[in-house]
Amino acid sequence: MKAARVAAPNDIELVEVEPPASGDRLLTVKVDTVGICGTDVKILHGQIPVEYPRVLGHEVIGTVVRSPDGTGPAPGSRVLIDPAITCGRCDMCRQGRTNLCLVGGLLGRDQDGVFTELVTADPSRVLPVPDSISRPAAGLLQVLGTCIHAQRRVAVFPGQTAAVIGLGVSGQLMVQLLRERGVQVVGITRSEWKRELASRSGAAATAAPADAAKVLAEVTDGRGPELVVEAVGKESSLAAAIDLAAPGGEVLVFGTLTGAGTGAGTGLPYYQMYFKELTIHNPRAALLDDYAAGIRLAATGRLDLEPIVTHQLGLADARRAFELVDDPSSLKVLMHLD
């Protein structure tokens, strides 16, 4: 069967690999749609070390083709696979915080991933996806689950104001999720077309970064937003989030900051963190229930997911798909395996 894998930094190849061994209790899933994540891009460019060669990918929707012992979804079921690798025994797993497993990992990084025709999965890590969710919308369910996990860290209320810095895939999802919670959202990005998309998706206002403070002051009568979501992954964006947040507010750091190479600036406004008594949240990944919540919400039709998907290609076009992820004209890039 075919698979897209990284053979070395910046070297992605389409190759034939052996089908996975299903064993006595694993489901076999025929992959239908996969999404390219920033983590995949960093692995391809050698910014995240992996053992080569490595089949990439962790965002997947597929169809069960084999269920050896009858547990879990039946053959023919459309499913999402939780990409987390967990031990189930460490302190974090026993507390139900499997996203923080002390020896955990991720498909496509710590073991071969889902950019291939068939994969196996434990029935406990698989969730049914109803047919009412369109094919492109289903390709966003994994990242939607991570956004839901992040928002569960903050207690916002209808009538409050939130700013979302960065209107990429996750930023657009954050706008819609906050809108669903009754929050007035201001989307912030340099990209005019991404601001327009956020406005169509329910943002009360949008602004370029240079105008953000002024727009937020107008929207909140000078108070500032109770919540600021950093969805870029740069130190400078986190610094802006701290500066924009209202006194007593919260900052949700969704973008992954690792220091060097992620847009490191001149440091954070630490005194403002103290002076405003801000609460800083650093959510990580997602739990199975977060994915389940995202599936339920997507099935209601209240989220407008399809416009976030800008490109859909085949697995044979994997190189081009990765190029498109870095293109300013793109948001979510999906690959289909039919």
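General observations
- Contour minus Cα-Cα distance for Glu277 and Tyr52 (0.36 nm per residue): 76.4 nm
- When you filter the trypsin sites (Lys or Arg not before Pro) in the stretch 1-107 for DSSP loop state and at most 11 other Cβ atoms inside 10 Å of their Cβ, you are left with Arg89.
- Accessible surface, the stretch 188-334, averaged per residue in Å² (probe 1.4 Å): 50 Å²
- Rounded to whole Hz, the Karplus (6.51, -1.76, 1.60) HN-Hα couplings of the stretch 24-33, x for glycine and proline: 7, 10, 9, 6, 9, 10, 7, 6, 10, 9
- Calculated FRET efficiency for the pair Asn10/Arg302, C-beta based, R₀ 35 Å, to 0.05: 0.30
- With Cα atoms defining each centre, the stretch 54-100 and the stretch 163-204 are spaced 30 Å apart in the structure.
- Distances between placed amide hydrogens fall under 5 Å for Glu59 paired with Gly35, all partners being 5 or more residues away or on another chain.
- For Gln111, distant residues with modelled amide H under 5 Å away: Leu106
- Relative to the Cα centre, the charge distribution of the chain, modelled as +1 at Lys and Arg Cβ and -1 at Asp and Glu Cβ, gives a dipole magnitude of about 520 debye.
- Radius 9 Å from Cβ of Leu288, net charge of other residues (Lys, Arg +1; Asp, Glu -1): -2
- Antiparallel DSSP beta bridges within the chain, percent to nearest 5: 55 percent
- Computed from backbone phi with θ = phi - 60° and the Karplus coefficients 6.51, -1.76 and 1.60, the 3J(HN,Hα) list for the stretch 199-211 is 5, 5, 8, x, 5, 6, 7, 9, 7, 6, x, 5, 9 Hz; x is used for glycine and proline.
- Phi-based couplings in Hz for the stretch 322-338 (Karplus 6.51, -1.76, 1.60; Gly and Pro marked x): 5, 4, 5, 4, 8, 7, x, 8, 10, 10, 7, 10, 10, 10, 10, 10, 9
- Spin-label pair Thr310-Thr63: with each label point 7 Å from Cα along the Cα-Cβ axis, the two points sit 3.1 nm from one another.
- Per-peptide packing, taken as the mean over residues of other Cβ atoms within 10 Å, places 191-204, 141-154 in the sequence 141-154, 191-204 from highest down.
The values are calculated or read from the model by the stated rules, or taken from the named source; none is laboratory data. All values reported here derive from a predicted model rather than from experimental measurement. Neighbour counts run over all protein chains shown; Cβ positions are idealised from the backbone, glycine included. These accessible areas exclude ligands, DNA and RNA; they are computed on the full protein's heavy atoms, side chains included. Shrake-Rupley method; radii C 1.70, N 1.55, O 1.52, S 1.80 Å.
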